[in-house]
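Peer 1: Just passing along the structure, written as C-alpha cells.
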Amino acid sequence: MLYAIYATDVDNSLPQRLAARPAHLARLELLKSQGRLILAGPLPAVDSNDPGPAGFTGSLIVAEFESLLAAQQWADADPYRAAGVYASVLVKPFKLVLP
C-alpha cells in the first residue's frame, strides 16, 4: 500500500538539512530503485523552486510499504530526523487516484 509521509521542519532547518541531505537522498534512491517511490520533495519556505536562504518548511514523500508500521519505522529512521531537521512527522495511508 502507499503511504504519505508529511514532515514539518524546525525553524531555521537549512544548515541541518544540507548536512544530512546526502544520506536522506540515498534512502530515497533505494526506494526508487526498488520501484516503491511515487514522489518526494521539500516544501519551500517561499514561493520559489529555489528558496535560497529561506530554506524549507518540510517534506512530502509518497512511497509503497508493506504496512503503516513499516512506513512509520522507515520515516523514524530518516537522517533528517536524526539531524534534528524535522519537528514532526505524520504518516498516513494514501490512495493514488490520478494520474
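Taken together, the values in this text are just the output of simple stated rules run on the coordinates, not laboratory data. All values reported here derive from a predicted model rather than from experimental measurement. In this analysis, Cβ positions are derived from the backbone assuming ideal geometry, glycine residues included, and neighbour counts consider all displayed protein chains.
Peer 1: So, with +1 on the Cβ of K and R and -1 on the Cβ of D and E, and no other charges, what is the size of the charge dipole of the chain about its Cα centre, to the nearest 20 debye?
Peer 2: 180 debye
Peer 1: Sticking with this structure for a sec: In a shell of Cβ-Cβ distance under 14 Å around TYR80, excluding TYR80 itself, what net charge do Lys and Arg (+1) and Asp and Glu (-1) give?
Peer 2: Combined, the nearby Lys, Arg, Asp and Glu give +1.
Peer 1: Quick one: give the max-minus-min coordinate of the C-alpha atoms of the chain along each principal axis, largest first, in Å.
Peer 2: Extents along the principal axes: 36, 29, 23 Å.
Peer 1: For the Cα atoms of the chain, what angle does the longest principal axis make with the long axis of helix 14-33, in degrees from 0 to 90, nearest 10?
Peer 2: 20 degrees
Peer 1: Still on this structure, please answer the following. Counting Lys +1, Arg +1, Asp -1, Glu -1, what net charge surrounds LEU37 among other residues with beta carbon under 12 Å of its beta carbon?
Peer 2: +1
Peer 1: Further, regarding this structure: Amide H neighbours of ALA4 under 5 Å, at least 5 residues apart or on other chains, H built in the peptide plane: list them.
Peer 2: LYS92, PHE94
Peer 1: Separate question: Select from GLN34, THR8, ALA82 the residue farthest towards the positive end of the dipole of the chain; place +1 on Cβ of Lys and Arg, -1 on Cβ of Asp and Glu, and compute about the Cα centre.
Peer 2: Sorting the options by dipole projection puts first GLN34.
Peer 1: Now for a separate question. May I ask for the net charge around TYR6, where only other residues with Cβ less than 13 Å from the Cβ of TYR6 are counted and Lys, Arg are +1 while Asp, Glu are -1?
Peer 2: It works out to a net charge of -1.
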